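Chemist: One structure is given below, represented as structure tokens, and several questions about it will come after.
The values are calculated or read from the model by the stated rules, or taken from the named source; none is laboratory data. Note that the structure is a prediction, hence the values are computed from the model and not measured. All Cβ positions, glycine included, derive from the backbone under ideal geometry; neighbour counts span all protein chains shown. Quick note on the areas: whole protein, heavy atoms, side chains included, nothing else; ligands and nucleic acids left out. Shrake-Rupley method; radii C 1.70, N 1.55, O 1.52, S 1.80 Å.
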Amino acid sequence: MKCIAVYTNSFELFSDIFEQVINTPLADNEEKVIEGITVSESGEVPQNYIDKMKTKTEVVVMKVKDSDITILQHRDVFEIFLPEKEKVVMS
């Protein structure tokens, strides 16, 4: 799964920019600032990392309705996990 890290502890700010974040093309390990919030493409993450993080009590787990997008929030970061099929390839 592709991971995009959003560096904020504010759910409100994260919610405001979520659609923009997932629709912004980012290269591997690229960082951008969206509305004052740093966003980073963290590359591919194995499913076992996500499963391990979900078991921690300090991690909030969210799912996006009608998709396979998973969001983990811990400390000052939201991690958005996009399955390969969520990537749109334009030819």
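Chemist: Please work out which option in (1) 12.1, 36; (2) 12.6, 43; (3) 27.5, 79 gives Rg and Dmax of the Cα atoms in Å calculated from these coordinates, and answer with its label.
Modeler: Structure-derived value, by its label: (2).
Chemist: Rank these residues by their accessible area, most exposed first, probe 1.4 Å: 49, 7.
Modeler: 7, 49
Chemist: OK, next. Can you compute the helix-only [θ] at 222 nm over the chain? Use -39500 (n - 2.57) per DSSP H run of at least 4 residues, normalise by all residues, nearest 500 deg cm²/dmol. Can you show the working numbers first?
Modeler: Numbers: 2 runs with 20 residues, N = 91.
Mean residue ellipticity, 222 nm, calculated: -6500 deg cm²/dmol.
Chemist: Here's another thing I want to ask about it. So for the pair residue 13, residue 45, with labels modelled 7 Å out along Cα→Cβ, what separation do we get in nm?
Modeler: About 1.9 nm separates the two model spin labels.
Chemist: For residue 34, what residues show an amide H to amide H distance below 5 Å, using hydrogens built from the backbone and excluding near sequence neighbours?
Modeler: Those lying under 5 Å, H to H, from residue 34 are 39.
Chemist: So how much accessible area does residue 28 have, in Å² to the nearest 10, using a 1.4 Å probe?
Modeler: 120 Å²
Chemist: Give me, ordered by chain and number, the residues 5 or more places off residue 69 or on other chains with an amide H under 5 Å from its own placed amide H.
Modeler: Under 5 Å from the amide H of residue 69 lie the amide H atoms of 64, each far enough along the sequence or on another chain.
Chemist: Moving on to the next point. Would you work out the charge dipole size for the chain about its Cα centre, treating the Cβ of every Lys and Arg as +1 and the Cβ of every Asp and Glu as -1, and quote it to the nearest 20 debye?
Modeler: Dipole size: approximately 320 debye.
Chemist: Could you tell me the accessible area of residue 78 in Å² (1.4 Å probe, neighbours in place), rounded to the nearest ten?
Modeler: 0 Å²
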